[in-house]
Amino acid sequence: MISLNVNGTIHHLDVDPNIPLLYVLRDELGLNGAKFGCGLGQCGACTVMLDGQAIFSCLTPAIVLEGRQIRTVEGLGTVEQPGVLQQAFIDEQAAQCGYCIAGMIMRAQALLERNPSPTDAEIRTQMQPNLCRCGTHMRIIVAIKRASQAMGHAALPAAAVKEVVR
Amino acid sequence: MTEISRRKLFATAGALVVAFSLPGEAETNQKLPGSLSSEPRLSGWIRVDAKGDITVFTGKAELGQGIRTALTQLAAEQLDVAPARVTVVTADTGQTANEGYTAGSHSMQDSGTAIVNASAEVRSLLVEAAAARLGLPAASLSTQDGRVTAPDGRSLGYGELAAALSPDRSATPGNRLKDPKAHKVMGQSLQRVDIPAKVTGGAAYVQDMRLPGMVHARIIRPPSYGATLLELDSAKVEAMPGVLKVVREGSYLAVIAEKEWQAVVAMRSLAGAAKWNAGRALPDPATIFDTIRALPSRAIVIRDDQANVAAGTRSVSARYLRPYGMHGSIGPSCAIGLMQGDSLTVWTHTQGVYPDRQAIAALLKMPQAKIRCIHVEGSGCYGHNGADDAAGDAALLARAMPERPVRVQWMREQENTWEPYTPAMVTEASAALDASGRIVDWQYGVWSNAHSTRPGGAGELIAGWSLPEPTIPSAPVPIPQPEGGGDRNAIPLYNVPNMKVVSHFIPEMPLRVSAMRGLGAYMNVFSIESFMHELAEAAGADQVAFRLKHLSDPRARDVINLAAERFGWNAAAPLAKDHGRGFAFARYKNLAAYAAVAVEVSVDRESGLVRVIRADIAVDSGEVVNPDGIRNQIQGGFVQSSSWTLVEELRWSTAAITSRDWGGYPILRFQNVPQSVTVHLIDRPGLPFLGTGEAAQGPTAAAIANAVADAAKLRVRQLPLSPTRMKAALSA
Ligand code: FES
Ligand code: FES
């Protein structure tokens, strides 16, 4: 039996001692945000936050997480009331298929909590572990800057919407 | 039960689907636009419920390209309702028309054209019905917000008017579309309807579906093509916690467990217990291009223009190579199957629910009428990846565990080693210039495997290859011109009096291959536009001016001029040290969207690393329905194609595929994506929609290669332009 604090709620779970956090989140708690991408720590689709740090939930055994704070994208907001980063991703339309996006948001959230006004280079360094196959990177970077600004810390993001040339 | 659960799971605000009925046999009516020609019944596309809410039915699938949103805009505009009152039902053999595959940038041209016209016709029928009820001429009535209104202020809701319309009514020819100048919804960057759920952890993908009583399966694939199972002691695995069943049919091996992690653990254990014989040997990767060039091929002449002009004074020739590449979806393929009695339902992220159903029916030897395939989004696929195969797995495993939904997801190494790759290709070009620097002769050949081995038949699903009676893949066939497969975009749009283009189709496939975004267009445009750069250099001409000199299509000229202008194209202007600029153009398939790309890159002479600094891309997609949707597709296509061009290359040994994970198949990451990619659109109100999803792939590759040649002062004609290859070239 382990007790896991996920998004502020304590869950008492009877799970296999080797089970990675990802499978607990998805299969036991019914959360969709963290995704299976590789199970190898190579893509970041499964990224969640642990005590403020971005981690690969596919590699982290749940059993060692007693007493720690786990946050998933579900903990940042809802469709009705999106969190600041979630709203920035919506405003920038920073998704194509979107499969990578929940992981991107959690890794970005960890950055903004540590460094509220990151530079472009700092954003790229932070996001390096997470893969996007649709090529949404540029919009993800702009969305992170937009969220940083909305939190009141950064310079204006680059104009994201260009006019149609007629 | 399952449909209701799915509805609940994917409930969106808006209308309920009314009047469920299967689409009838398609009648062919050539005069009707888009896919209306194969499904002429208006109710096959548009239904109006009692409240006046609209449901749109499309046979196409949302693949992350935003089609759901664009189709919403078409219906909302032509029917004069708010977009929030429109619900789009996508590819489902139980509900929507058979529109084949969602591929080839066809969705707007086929389905969008059908839906925009069907919506306009339904609106005019509603107005006629109102005119009859009110005793007024139809021309005096107007529509807004789901109501038909008379000048005297009387009005009738769509809901009550629709009740009088026959569901069997067919579309009729004629243009009832609104004047584009009056558009309020089309042409606007309506936000994508699917993004809010995707950023908040909503159930958005087939991977997220949780049906009541659902169990989890994992497959144990053979170690290589054609390997068969020799020995297996499954007793230990069968006794593992949560394991419900080990499925073994011939060499097809899988395990089903209550929980997903239990299935993964059991899969690993079972993989350890299984003994396989060696499969067929793979070709030596070191000599793969010679192998391809030497395999028997069928020469198809796709262009042969001969004119009586003076021979050129200067000739140039070149050979270009591209490796095998991977779709590399971030989420491995997944599907859910449910066998209830003698009926099977499969939830799948296939690009073609009808062809997939046909293949599954053949695999299970079941009638197609007993199978329903429902598209649910997966991770972006960019073509034929493992989606259909996973649906085949789910079908077989649902049969092995009836009355319970069986969810199967592939592991990363299974996706990487079993997906159908995009084929390695060879092209050879030679041309002659006259004294004025004009191209007078052009000879071009492309050597390639098939670019589509999609289902169809049971032999197109890899599960079938391992069954006791193994299924056999159909003989590959070339996709004919004008769209083409390996020869897609092999015919340049440039004016050249003597031109011969030959497509060398190679039936034998050393590795499993199929369709990937752009098909042969990626390689052909890379080759042709690299070659144009080489010819312009030989002619001592400017890159942009040289292209314009050979091009008469005004829309092609417009995108080239716009990209050059926005980029600030000036070949004489100095650039930073080791920077270069490159240009490329193509009209996708020579019949879809036009795209011109200008880029600046830097080349690190020490490491060989190429970085894309900035790109300006001009696009003409005909009438623009959602400008931001097009920009998103083009930007994404540019970044993806940069990754193909700069780093991607499948690796294997003669025994097995070795690109098993992202370590063995690196793609571009954040630190190496461009600084800026700006898309400039040319809107053509009232002109046909031109497919856009694949338009950036080819021009991006060539523009980067040309910029690299400009920066490095040397030409590398083999992709990818990886640090290793560039470094070798720079130090040679
Ligand atoms: S799924 Fe965890 S890093 Fe890829
Ligand atoms: S948006 Fe599709 S993988 Fe990132």
Being of a type in the set (Asp, Glu), within 16 Å of ligand 1 (Cβ to nearest atom) and within 12 Å of chain A (Cβ to nearest Cβ) narrows it down to one residue among B:Asp628, B:Asp661, B:Asp620; which is it?
B:Asp661
Among (1) away from chain A (no Cβ under 14 Å); (2) closer than 23 Å to B:Leu63 by Cβ, there is one condition B:Gly146 misses while meeting the rest; what is its number?
(2)
Considering only residues that are surrounded by 22 or more Cβ atoms within 10 Å (Cβ to Cβ) and either within 12 Å of chain B (Cβ to nearest Cβ) or assigned to a strand (DSSP E or B) (or both), which ones fall in the range A:56-70?
A:Phe56, A:Cys58, A:Ala62, A:Ile70
Scan B:Tyr205, B:Tyr225 and give me the residue that is among the hydroxyl-bearing types (Ser, Thr, Tyr), within 12 Å of another protein chain (Cβ to nearest Cβ) and within 30 Å of B:Asn416 (Cβ to Cβ).
B:Tyr205
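Suppose we filter B:Ile374, B:Ile288 for residues that are away from chain A (no Cβ under 14 Å), closer than 29 Å to B:Lys589 by Cβ and of a type in the set (A, V, I, L, M, F, W, C); which single one remains?
Testing whether each residue is away from chain A (no Cβ under 14 Å), closer than 29 Å to B:Lys589 by Cβ and of a type in the set (A, V, I, L, M, F, W, C) leaves just B:Ile288.
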When A:Cys38 is run through (1) of a type outside the set (Lys, Arg); (2) away from ligand 2 (no atom under 16 Å from the Cβ); (3) modelled with pLDDT of 95 or more, the failure sits at (2)
When the range A:43-55 is examined, which residues are found to be within 16 Å of ligand 2 (Cβ to nearest atom) and either within 25 Å of A:Val15 (Cα to Cα) or more than 13 Å from chain B (Cβ to nearest Cβ) (or both)?
A:Gly44, A:Ala45, A:Cys46, A:Thr47
Would it be correct to say that B:Ala369 is surrounded by 23 or more Cβ atoms within 10 Å (Cβ to Cβ) and either free of Cβ contacts under 8 Å to residues at least 40 places away in the same chain or small (Gly, Ala, Ser) (or both)?
no
Starting from the range A:124-144, keep only residues that are in contact (Cβ under 8 Å) with a residue 24 or more places away in the chain, then list their pairs with residues that are among the hydroxyl-bearing types (Ser, Thr, Tyr) and part of a helix (DSSP H, G or I) whose Cβ atoms are within a distance under 9 Å, requiring at least 6 positions of separation or different chains.
A:Arg133/B:Ser643; A:Gly135/B:Ser641; A:Gly135/B:Ser642; A:Gly135/B:Ser643
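Mind checking which residues of the range A:125-144 are surrounded by fewer than 20 Cβ atoms within 10 Å (Cβ to Cβ) and away from ligand 1 (no atom under 16 Å from the Cβ)?
A:Thr125
Picking from A:Asn18, A:Asn7, which residue would you name as being away from ligand 2 (no atom under 16 Å from the Cβ), under 22 Å from A:Glu113 (Cα atoms) and of a type outside the set (A, V, I, L, M)? Can you show your working first?
Values: A:Asn18 fails: under 22 Å from A:Glu113 (Cα atoms).
Only one candidate passes the filter, namely A:Asn7.
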Given (1) under 30 Å from B:Asp628 (Cβ atoms); (2) part of a loop (DSSP other than H, G, I, E, B), index of the condition B:Lys181 fails:
(2)
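Does the range B:359-376 contain at least one residue that is part of a loop (DSSP other than H, G, I, E, B) and of a type in the set (S, T, N, Q)? Before you say what the answer is, go through the steps one by one.
Step one: list which residues in the range B:359-376 are part of a loop (DSSP other than H, G, I, E, B), which gives B:365-367, B:376.
Subsequent filtering for residues that are of a type in the set (S, T, N, Q) retains none.
Taking every residue of the range B:359-376 in turn, none turns out to be part of a loop (DSSP other than H, G, I, E, B) and of a type in the set (S, T, N, Q).
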Options B:Gln368, B:Gln306, B:Gln358: the member that is closer than 24 Å to B:Ala103 by Cα and more than 25 Å from the chain's Cα centre (by Cα):
B:Gln368
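Kindly indicate which of B:Arg133, B:Arg68 is of a type in the set (D, E, K, R), within 14 Å of chain A (Cβ to nearest Cβ) and either outside any loop (DSSP other than H, G, I, E, B) or surrounded by fewer than 19 Cβ atoms within 10 Å (Cβ to Cβ) (or both). Break it down into steps so the answer makes sense when it comes.
Values: B:Arg133 fails: within 14 Å of chain A (Cβ to nearest Cβ).
Step by step, each of B:Arg133, B:Arg68 is checked, and only B:Arg68 is of a type in the set (D, E, K, R), within 14 Å of chain A (Cβ to nearest Cβ) and either outside any loop (DSSP other than H, G, I, E, B) or surrounded by fewer than 19 Cβ atoms within 10 Å (Cβ to Cβ) (or both).
From the residues in the range A:77-92 that are surrounded by 24 or more Cβ atoms within 10 Å (Cβ to Cβ) and of a type outside the set (Asp, Glu), which one is nearest to ligand 2 (Cβ to nearest atom)?
Step one: of the range A:77-92, the residues surrounded by 24 or more Cβ atoms within 10 Å (Cβ to Cβ) are A:85-86, A:88-89, A:92.
With the extra rule that they be of a type outside the set (Asp, Glu), the set shrinks to A:85-86, A:88-89.
Values: A:Leu85: 15, A:Gln86: 15, A:Ala88: 15, A:Phe89: 10 Å.
Here the residue is A:Phe89.
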Only one of B:Asp356, B:Asp305 is touching a residue at least 24 places away in the same chain (Cβ under 8 Å), surrounded by fewer than 24 Cβ atoms within 10 Å (Cβ to Cβ) and of a type in the set (Asp, Glu); which?
B:Asp305
Given the criterion over 22 Å from the mean Cα position of the chain (by Cα) and of a type outside the set (Phe, Trp, Tyr), identify the matching residue among B:Glu419, B:Glu403, B:Glu460, B:Glu483.
B:Glu403
If you scan the range A:75-111, which residues turn out to be within 11 Å of chain B (Cβ to nearest Cβ), out of contact with any Ser or Thr (no Cβ under 7 Å at 6 or more places or on another chain) and in contact (Cβ under 8 Å) with a residue 40 or more places away in the chain?
A:Gly75, A:Leu85, A:Gln87, A:Ala88, A:Phe89, A:Asp91, A:Glu92, A:Gln93, A:Cys100, A:Ala102, A:Met104
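The values are calculated or read from the model by the stated rules, or taken from the named source; none is laboratory data. The structure presented is a predicted model; accordingly, all values stated were derived computationally and were not measured. With ideal geometry, Cβ positions are generated from the backbone for all residues, glycine too; neighbour counts draw on all protein chains shown.
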